[in-house]
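Participant: The structure follows.
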Amino acid sequence: MESMNTKYSKNDVVNDYLNTLNAEIAPLFFEVRACILAAGPSFSESIKWKNCLVYGTTKNHIQTVVGKGKISLIFLNGVTLEDQYGLLEGDGNKARTMRIHSTDFNREALSDYVKQTVVTS
Amino acid sequence: MDISFYKQQMDAVTGAFFCWELLIEAEPPAALADLLIPELFFDFFFVHTGELRGSEQKSRTEWILPRQSFKTLHTRALTLSFATPLRLFGARLPLQFGELFWAESLAANTFLAQDWVDPDVADLAAFADQVVAVVNGRATPKNPYPLLSGGLKESTWLSSYSPRHKRRLYKATFGLSRQELQRIDNVHAFLAQNCNFDSANPRLIGYVNAELFYDQPHFNHAFKKMVGSTPLEYFEASSVLQDNLMAVSYNVFPVQDD
């Protein structure tokens, strides 16, 4: 299920994944995806293992997890990010999670996290 | 870096699971490494543009892959290194292909030089047609009946054979023992799950299949021995080719329970 302005990937496997998203979550998913790719143009998308969409460069940096009515973005090395928006959750050794529930999410914060991730990668 | 991956699903009667094409371009040219881990599939590679180098950490050997090569089953991970631009075609073949491969016996952990396709193959569709013609045209059953009857389930006709004879049959057909095949299958039963590394979610042990691994240390040991890193390190590592092949394989041909 894709929105009208969905930019498809050059990876058939990613496109298969995008096409399987259900109608409830797809609009939010595509908004988040567009924001990440705009802030991190050097990121490539791929499917890791069975169906984890990840964004990475020479390493994977962000894992996307689709939940009920929300998207969780797991910054695999999120502990290094400066969180001036206070939206990152978690107290583990490395990963930090940003949970997004609606399309009016804080794009500025997400862009900032992604840009920091690109710089530190 | 511009990465494209295209796949062409194949009908089961063709003898191949799917064919694919990987294109990587970068300006300025870049060097990349891809970690290939053991899987229960055979692969055919055709390097159209560029060069692939294989290396194994354990044996500290490095070699240049033939332009067309057949990857036998592996018991340990290996690294494929390449520089951009790269245009690579491939075909993924089922485990059962080992029973039809025309070489007399199959050694594990090797790449066999082949001559399956026209070096000037135009596109993925033409590549797939040529692979199917070779796979079907040269198929030569090694045994009177298949050794496996779905997943890793052993065919009933083998029940009267001695364990020693069966070991020989497995080695000649797949290049690996039944135990080694099962070990690979067990690790993939873990990888085929949708693991969530969110810190609020269950830790790794929540994904370890209790029927296949006694406890997490046993799983960690098996995983590290086969892959060379911990599951989390492996998840973070970007392996363009391996990730795509695994994702397609898991979604079209889920790991089968015996």
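The values are calculated or read from the model by the stated rules, or taken from the named source; none is laboratory data. For clarity, every value in this text was computed on a predicted model and none was experimentally measured. Glycine gets a Cβ as well: all are built from the backbone with ideal geometry, and neighbour counts include every protein chain shown.
Participant: Before we move on, is residue A:69 surrounded by fewer than 15 Cβ atoms within 10 Å (Cβ to Cβ) and either of a type outside the set (A, V, I, L, M) or over 17 Å from residue A:21 (Cα atoms) (or both)? Can you show your working first?
Facilitator: Numbers: surrounded by fewer than 15 Cβ atoms within 10 Å (Cβ to Cβ): yes; either of a type outside the set (A, V, I, L, M) or over 17 Å from residue A:21 (Cα atoms) (or both): yes.
So residue A:69 passes the test.
Participant: List the pairs whose first member sits in the range B:234-254 and is farther than 19 Å from residue B:32 by Cα and touching a residue at least 40 places away in the same chain (Cβ under 8 Å), whose second member is assigned to a helix (DSSP H, G or I) and of a type outside the set (D, E, K, R), and whose Cβ atoms are under 7 Å apart, counting only residues at least 6 apart or on separate chains?
Facilitator: Here the result reads B:248/A:13, each pair linking the range B:234-254 to a residue that is assigned to a helix (DSSP H, G or I) and of a type outside the set (D, E, K, R).
Quick grid of which residues meet (1) modelled with pLDDT under 95; (2) surrounded by fewer than 16 Cβ atoms within 10 Å (Cβ to Cβ); (3) closer than 26 Å to residue B:239 by Cα:
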| position | (1), (2), (3) |
| --- | --- |
| B:45 | no, no, yes |
| B:63 | yes, yes, yes |
| B:71 | no, no, yes |
| B:94 | yes, no, yes |
| B:125 | no, yes, yes |
| B:128 | no, no, yes |
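Participant: Taking the range B:1-38 on its own, how many of its residues are touching a residue at least 40 places away in the same chain (Cβ under 8 Å) and either within 12 Å of chain A (Cβ to nearest Cβ) or assigned to a strand (DSSP E or B) (or both)?
Facilitator: Taking the range B:1-38 and keeping what is touching a residue at least 40 places away in the same chain (Cβ under 8 Å), we get B:1, B:3, B:5-10, B:14-26, B:29-38.
Okay, now just the ones that are also either within 12 Å of chain A (Cβ to nearest Cβ) or assigned to a strand (DSSP E or B) (or both), so B:1, B:3, B:5-9, B:18-26, B:30-37.
Going through the range B:1-38 one residue at a time, the tally reaches 24.
Participant: Turning to a different aspect of this structure: Which one is modelled with the highest pLDDT among residues in the range B:96-123 that are aromatic (Phe, Trp, Tyr) and in contact with a Ser or Thr (Cβ under 6 Å, 6 or more places away or on another chain)? Quick ask: steps written out before the conclusion?
Facilitator: Step one: of the range B:96-123, the residues aromatic (Phe, Trp, Tyr) are B:97, B:101-102, B:111, B:116.
Cutting the leftovers down to in contact with a Ser or Thr (Cβ under 6 Å, 6 or more places away or on another chain) gives us B:102, B:111.
Details: B:102: 91, B:111: 94.
Only one residue fits best here, namely B:111.
Yes/no per residue for (1) part of a loop (DSSP other than H, G, I, E, B); (2) within 11 Å of chain A (Cβ to nearest Cβ); (3) hydroxyl-bearing (Ser, Thr, Tyr):
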| position | (1), (2), (3) |
| --- | --- |
| B:170 | no, no, yes |
| B:176 | yes, no, no |
| B:183 | no, no, no |
| B:190 | no, yes, no |
| B:193 | yes, yes, no |
| B:210 | yes, no, no |
| B:217 | no, no, no |
| B:232 | no, yes, no |
| B:235 | no, yes, no |
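Participant: Of the numbered conditions (1) assigned to a helix (DSSP H, G or I); (2) buried (at least 16 other Cβ atoms within 10 Å of the Cβ); (3) over 17 Å from the mean Cα position of the chain (by Cα), residue B:224 fails exactly one; give the number of that condition.
Facilitator: (2)
Participant: Taking only the range B:96-119 into account, find how many residues are outside any loop (DSSP other than H, G, I, E, B) and out of contact with any Pro (no Cβ under 9 Å at 6 or more places or on another chain). Reasoning before the result, please.
Facilitator: Narrowing the range B:96-119 to residues outside any loop (DSSP other than H, G, I, E, B): B:96-99, B:111-113.
Add one more test, that the residue is out of contact with any Pro (no Cβ under 9 Å at 6 or more places or on another chain), and what stays is B:97-98.
Count: 2.
Participant: Residues that are facing chain B (nearest Cβ under 9 Å): which helices (runs of 4 or more DSSP H) entirely in the range A:4-121 hold 3 or more of them? Spell out the reasoning first.
Facilitator: Values: elements: A:12-20, A:26-39, A:107-120.
The qualifying helices (runs of 4 or more DSSP H) are A:12-20.
Participant: On to the next question. Residue by residue through the range B:45-95, note down the ones that are outside any strand (DSSP E or B) and charged (D, E, K, R). Step through it out loud before you land on a result.
Facilitator: To start, the set of residues in the range B:45-95 that are outside any strand (DSSP E or B) comprises B:50-51, B:57-60, B:65-67, B:72-77, B:84-85, B:94-95.
Within the range B:45-95, B:51, B:58, B:60, B:67, B:76 qualify.
Participant: If you go through the range A:45-79 one residue at a time, how many are among the small types (Gly, Ala, Ser), without any contact (Cβ under 8 Å) to a residue 40 or more places away in the chain and within 13 Å of residue A:29 (Cβ to Cβ)?
Facilitator: So the answer is 2.
Participant: Could you tell me which residue of the range A:103-121 is farthest from residue A:82 (Cα to Cα), considering only residues that are out of contact with any helix residue (DSSP H, G or I) (no Cβ under 7 Å at 6 or more places or on another chain) and among the hydroxyl-bearing types (Ser, Thr, Tyr)?
Facilitator: It comes out as A:121.
Per-residue answers, yes or no, for (1) among the charged types (D, E, K, R); (2) surrounded by fewer than 22 Cβ atoms within 10 Å (Cβ to Cβ):
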residue: A:60; (1), (2): no, no
residue: A:79; (1), (2): no, yes
residue: A:91; (1), (2): yes, yes
residue: A:115; (1), (2): yes, yes
